[in-house]
Every structure is written in C-alpha cells, then in structure tokens.
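A quick write-up on the structure given underneath.
The values are calculated or read from the model by the stated rules, or taken from the named source; none is laboratory data. In this text the structure is predicted, and so the values were computed from the model without any measurement. Using ideal geometry, Cβ is built from the backbone for each residue, glycine included, and neighbour counts are taken over all protein chains shown.
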Amino acid sequence: MSELIVGISDLKVSNNPTDILITYALGSCIAVAVFDPKSRVGGLLHFMLPDSSLDINKARENPAMFADTGITLLFKSCYAIGAEKKRMIVKVAGGASILDDTNFFRIGQKNITAMRKIFWRNNVLIDGEDTGDNFNRTVRLDLSNGRCFLKSSNGTIKEL
Amino acid sequence: MMIDSILKSVDVIPAFPATILKVAELLCDDDYAVADVVNVIKYDQAIAANILKISNSAYFNARQKIKTIHDAVVYLGQQQLIRAVQTAGISKIYKKGGKGYASQSKDFWEHAVTVALMSQILSRRIQAREDQILYTAALLHDVGKIIMGEYVHVMFEKIIYKVKFEKCSFLEAEEEVIGINHADLGGRIATHWNFPPEIRDAIAYHHRPDLLEERDKTNAWLVYLSDQACLMMGIDGGVDALAYSGLGEVMRYFNLKMVDLEKSFIVLWDELKKAKDLLHL
C-alpha cells in the first residue's frame, strides 16, 4: 500500500488498487475526488483558485492550481488510464471561509461556485459534498474500494 | 488561577537568542565588518548550521554552493543576512513549544515562515518595498502560542466546544476559557524581550488590528492579512484553523481588490516552493 500525497495546486491519479490518495489541510481550497468503480481508476485534485483567467501562464505551467483547468486535467488524466465519464463518482470537499465572512476574502465561496458551474456545464453530478463552513479538512480516497473519507479540524471524521 | 501562572511563565521565558540581537546590532552600521559578523554567528552552532542551509535555498537565489559562514555573510549582504539570521534563530523558539496547538511543531514553524513570506509579498504589492520590521513581526506573530500551548491542551475541549457550538472565534474562546488570548500573550513576550513597540503591537494585535490605537497601523494590518491569507490557504499550523472573525475593512485600508489577493496567493505558492529549506530548519 502506498499513500500518494496531493499538495496544494496538485493532482494525482492512479489505477493501482493498493494506493491511497490523500490531501491535507484544505482551507478555502477544494479537493475533487473521482473514482470509476469498474476500471478502479481514481484521482484527487487540490485546487486553490477559481479561475485560470487570473494568470494564464501559470495555468499552463500548473493547471491544477485553478478550478477550470484543474478539473479538466483531472478527468482527462483519469480517462487516459481507463476511466469512463459516465461511471465516475465525484466527491468534493473544502471551500471553507473565515467566520462572519460577508464580503471579504471570499475565495472559499468563489471556489465552490466555480466548481459547481463547471460540473453543471459538463453534466456531471456531485455524489458527495462537504463544503463551506470554517474548518480545515483532510480528504482520503482509498482506491481499493473507492471510499472517500473526510477529517475536519474540529475533530469529526465521516465518509463522503 | 491559570492566567497568573501563564503570566509568570512570560517572565521566565528564555531570552531572545543573543546571536540574532548581536548580528542585528552589527548590521545596523552600513560599514559592518564581515569578520565581526562571522565571529558572532560561528559560535552559535545551531544558527550557523541553519544559515548555511537557508543561504543555499532557492529563496535567496544562491548561484553557487555556499560552504562557509564567511561566504554566506558576503553573499547574502546586509538586508538578506539579517532576515536569514532571524529565520535561523527564531525557528529554535518555535521548535520548543506550541504542543497544545499544532499536531507537530513543524506545522507551527511552517505557518510562521509562510506568514513572513506573505507579509513581504503584500508589502511589495501595497508599499512597493520589503520591510524588515514587518518580517520579524510576521515571523513571531504566534509566539504567544508557545506558552499558551502548555495550557491549552488542558482546556482544549472547552475551547473547541465554544468554537464549535457557541460560534465563538478562537480568540474569544481563549479569552473566556483561559483569561488571555495568544496574541496578547505574544505582545507580552515581545515586551519581555524589549522589542520595539511596532513589533510588539503587530504581534499583540494580529487578530484585531482595528483595535490598535496608533497612527500607523500598517504593520499590524499587514501581519493580520498575511496570517488570514495563510489560514485560507490551509497553512494554519494549528487547531484554530479558520475560526477567526474576518475584518472586511482591511481591504479598504489597503485599497485592495479580491483579485489582488488571489494573485498574491499565486506568488506565495511560487515562493513556498523556493523556500522549502526555510520550512525544514
């Protein structure tokens, strides 16, 4: 069994059922975990910002930094090793904000909105979601069975 | 009372590393002698080792391998040297404490360095310059947690309960449960170390710069904003995570737009890659 750690603005995919994909400390960033139960291909993305138009050169160099380029690359990378779109199970977590965050520092909300729009436009349903609020999250995707667990900085652990 | 023993521990906290103070003093003079600086650093083995490590990091753009303290002093030059010495020395302070807050002291240190890097990124954007005093304040902003950590683990459940169910900010929960918050405590440590008021205030008010009654609040607001940005990015180093009240006026104070902050996140991400050696001191 190997644990593959996904950093900030990073993504990893695998079709090795002994792998576990993990990303730590999601604040306003969002993790997108995908799994195809038939081909047993899974992937995990940890994107930081909502839109690649902010810095197109950066998006070319590192697509995983932004929601739009990151989600596209995540799906394409999974297809490349045998996944099929119609079988993919999609789970998302993160997009937290600071308390009373009304109109300042809305990166968390912007990330959530951007991600939902992308899935909506591409006819992808989100099968499990834990977003918003004001705690940090760690996401773990087990490729032996596709189960996705979430640990929050307030102490709770749950399955997405 | 817990608050009494906490305040007593401020009085017995070890002195601020003498090496940093001596180097800072020597570097105040533009005509400093390299040999004098080398002599101070080389007798502090821990700092000397850290200096070599970080002067070779991509963050300081080393073009060739720096092998001796003499090379490091010559290569880094006045401004970068003082920053390197502070980073090298302050890491020792953070490594000692913070138990109750961070799962590992490494996370605690990583947060401090990241906030210090972000403070310079924002300072460049807002004031078109870097700022050494701001760097020091940012690096030390959570120093209060070193003492607090010893007590927080006893009171941890109570604090978390308040944050979770009473929608308190972490700062309010600390005040209610312990009697003082970690920012105030950090300010007291800065006073104990005889730091200038600017640094003390930026530490003491790093969650509430709006309450600071000084004419120039720039550093306090910059430390606040850098800290919040790092918390958003998930580099929080603690159990408090995002449980702080946002102060929207910071954006007006600096005339910043959301997109300016998002761009600063990208710069920070780049600098963090280069600064790996600073994070692992």
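Any chance region A:121-142 includes a residue that's of a type in the set (Ser, Thr, Tyr) and surrounded by fewer than 16 Cβ atoms within 10 Å (Cβ to Cβ)? Before you say what the answer is, go through the steps one by one.
Kept after step one, since they are of a type in the set (Ser, Thr, Tyr), are these residues of region A:121-142: A:131, A:138.
Cutting the leftovers down to surrounded by fewer than 16 Cβ atoms within 10 Å (Cβ to Cβ) gives us none.
No, region A:121-142 contains no residue that is of a type in the set (Ser, Thr, Tyr) and surrounded by fewer than 16 Cβ atoms within 10 Å (Cβ to Cβ).
Could you look through region A:87-106, keep only residues that are away from chain B (no Cβ under 14 Å) and either modelled with pLDDT under 95 or crowded, with 18+ Cβ neighbours inside 10 Å (or both), and pick out the one that is nearest to B:ALA229 (Cα to Cα)? Walk me through how you get there before you give the answer.
The first filter runs over region A:87-106 and keeps only residues away from chain B (no Cβ under 14 Å), leaving A:87-92.
Filter once more, keeping what is either modelled with pLDDT under 95 or crowded, with 18+ Cβ neighbours inside 10 Å (or both): A:88, A:90-92.
Details: A:MET88: 33, A:VAL90: 28, A:LYS91: 25, A:VAL92: 22 Å.
Of everything passing the filter in region A:87-106, A:VAL92 is nearest to B:ALA229 (Cα to Cα).
Which members of region B:193-207 meet the condition of being in a helix (DSSP H, G or I) and either under 30 Å from A:TYR24 (Cα atoms) or in contact with an Asp or Glu (Cβ under 7 Å, 6 or more places away or on another chain) (or both)? Can you show your working first?
Narrowing region B:193-207 to residues in a helix (DSSP H, G or I): B:197-204.
Listed by number, the residues that qualify are B:ASP201, B:ALA202, B:ILE203, B:ALA204.
Here's the yes/no breakdown for (1) within 29 Å of B:PRO197 (Cα to Cα); (2) modelled with pLDDT under 85:
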| residue | (1), (2) |
| --- | --- |
| B:ASP227 | yes, no |
| B:TYR244 | yes, yes |
| B:VAL250 | yes, no |
| B:VAL259 | no, no |
| B:GLU262 | no, no |
| B:LEU268 | yes, no |
| B:LYS274 | no, no |
| B:HIS280 | no, yes |
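Among (1) surrounded by 18 or more Cβ atoms within 10 Å (Cβ to Cβ); (2) within 30 Å of B:VAL267 (Cβ to Cβ); (3) modelled with pLDDT under 90, which single condition is B:GLY100 missing?
(2)
Can you go through B:ILE90, B:ILE13, B:ILE66 and tell me which one is within 27 Å of B:GLY149 (Cα to Cα), in a loop (DSSP other than H, G, I, E, B) and out of contact with any strand residue (DSSP E or B) (no Cβ under 7 Å at 6 or more places or on another chain)?
On the way: B:ILE90 fails: in a loop (DSSP other than H, G, I, E, B); B:ILE66 fails: within 27 Å of B:GLY149 (Cα to Cα).
Exactly one residue qualifies, and that residue is B:ILE13.
Checking A:VAL41 against (1) surrounded by fewer than 24 Cβ atoms within 10 Å (Cβ to Cβ); (2) more than 30 Å from B:SER245 (Cα to Cα); (3) among the β-branched types (Val, Ile, Thr); (4) touching a Cys at 6+ places or on another chain (Cβ under 8 Å), which single condition isn't satisfied?
For A:VAL41, the exception is condition (1).
Considering each of A:SER28, A:SER39 in turn, give the residue that is of a type in the set (Ser, Thr, Tyr), closer than 26 Å to B:HIS111 by Cα and out of contact with any His (no Cβ under 7 Å at 6 or more places or on another chain). Working first, answer last.
Values: A:SER39 fails: closer than 26 Å to B:HIS111 by Cα.
Answer to the selection: A:SER28.
So which residues in region A:54-82 are within 30 Å of A:PRO17 (Cβ to Cβ), among the β-branched types (Val, Ile, Thr) and out of contact with any strand residue (DSSP E or B) (no Cβ under 7 Å at 6 or more places or on another chain)?
Correct list: A:THR69, A:THR72.
Could you tell me whether any residue of region B:109-123 is at pLDDT below 85, within 27 Å of B:LEU225 (Cβ to Cβ) and either in a loop (DSSP other than H, G, I, E, B) or of a type in the set (A, V, I, L, M, F, W, C) (or both)?
Here is the first cut: in region B:109-123, the ones at pLDDT below 85 are none.
Checking region B:109-123: not a single residue is at pLDDT below 85, within 27 Å of B:LEU225 (Cβ to Cβ) and either in a loop (DSSP other than H, G, I, E, B) or of a type in the set (A, V, I, L, M, F, W, C) (or both).
Got a sec? Which of A:ALA64, A:ALA83 is within 20 Å of B:GLU271 (Cβ to Cβ) and either outside any helix (DSSP H, G or I) or within 13 Å of another protein chain (Cβ to nearest Cβ) (or both)?
Working: A:ALA83 fails: within 20 Å of B:GLU271 (Cβ to Cβ).
Testing whether each residue is within 20 Å of B:GLU271 (Cβ to Cβ) and either outside any helix (DSSP H, G or I) or within 13 Å of another protein chain (Cβ to nearest Cβ) (or both) leaves just A:ALA64.
So which residues in region B:35-57 are buried (at least 21 other Cβ atoms within 10 Å of the Cβ) and assigned to a helix (DSSP H, G or I)?
Residues of region B:35-57 buried (at least 21 other Cβ atoms within 10 Å of the Cβ): B:37, B:40-41, B:44, B:47, B:50-51, B:54-55.
Answer for region B:35-57, where residues must be buried (at least 21 other Cβ atoms within 10 Å of the Cβ) and assigned to a helix (DSSP H, G or I): B:VAL37, B:VAL40, B:ILE41, B:ILE47, B:ASN50, B:ILE51, B:ILE54, B:SER55.
Name every residue in region B:58-79 that is polar (S, T, N, Q) and either buried (at least 20 other Cβ atoms within 10 Å of the Cβ) or free of Cβ contacts under 8 Å to residues at least 24 places away in the same chain (or both), in order of residue number.
Of region B:58-79, the ones polar (S, T, N, Q) are B:61, B:64, B:68, B:78-79.
Those that are polar (S, T, N, Q) and either buried (at least 20 other Cβ atoms within 10 Å of the Cβ) or free of Cβ contacts under 8 Å to residues at least 24 places away in the same chain (or both): B:ASN61, B:GLN64, B:THR68.
List the number of the failed condition for A:SER52; all other conditions in (1) under 12 Å from the mean Cα position of the chain (by Cα); (2) among the hydroxyl-bearing types (Ser, Thr, Tyr); (3) modelled with pLDDT of 95 or more; (4) buried (at least 18 other Cβ atoms within 10 Å of the Cβ) hold.
Failing condition for A:SER52: (1).
Residue by residue, here is whether (1) within 19 Å of A:GLY128 (Cβ to Cβ); (2) more than 12 Å from the chain's Cα centre (by Cα) holds:
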site: A:SER39; (1), (2): no, yes
site: A:LEU45; (1), (2): yes, no
site: A:CYS78; (1), (2): yes, yes
site: A:SER97; (1), (2): no, yes
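(1) more than 30 Å from B:GLU172 (Cα to Cα); (2) touching a Ser or Thr at 6+ places or on another chain (Cβ under 9 Å): which one isn't true of B:ALA243, the others all being true?
Unmet for B:ALA243, out of (1) more than 30 Å from B:GLU172 (Cα to Cα); (2) touching a Ser or Thr at 6+ places or on another chain (Cβ under 9 Å): (1).
Within region A:1-28, which residues are in contact with a helix residue (DSSP H, G or I) (Cβ under 7 Å, 6 or more places away or on another chain) and facing another protein chain (nearest Cβ under 10 Å)? Don't jump to the end; show me each part of the working.
Residues of region A:1-28 in contact with a helix residue (DSSP H, G or I) (Cβ under 7 Å, 6 or more places away or on another chain): A:8-11, A:13, A:27-28.
Residues satisfying the conditions are A:ILE8, A:SER9, A:GLY27, A:SER28.
Looking only at region B:132-150, decide whether some residue is hydrophobic (A, V, I, L, M, F, W, C) and outside any helix (DSSP H, G or I). Outline the logic, then answer.
Applying the first criterion (hydrophobic (A, V, I, L, M, F, W, C)) to region B:132-150 yields B:133-134, B:137-140, B:143, B:146-148.
Next, from what is left, pick out any that are outside any helix (DSSP H, G or I): B:140, B:143.
Yes: region B:132-150 contains one or more residues that are hydrophobic (A, V, I, L, M, F, W, C) and outside any helix (DSSP H, G or I).
Residues in region A:123-152 that are out of contact with any Phe, Trp or Tyr (no Cβ under 8 Å at 6 or more places or on another chain) and either more than 23 Å from B:ALA243 (Cβ to Cβ) or outside any loop (DSSP other than H, G, I, E, B) (or both): how many?
Just the residues of region A:123-152 that are out of contact with any Phe, Trp or Tyr (no Cβ under 8 Å at 6 or more places or on another chain), to begin with: A:123-124, A:127-137, A:144-145, A:147, A:149-151.
The next check asks that each one be either more than 23 Å from B:ALA243 (Cβ to Cβ) or outside any loop (DSSP other than H, G, I, E, B) (or both); those that pass are A:123-124, A:127-131, A:137, A:144-145, A:147, A:149-151.
So the answer is 14.
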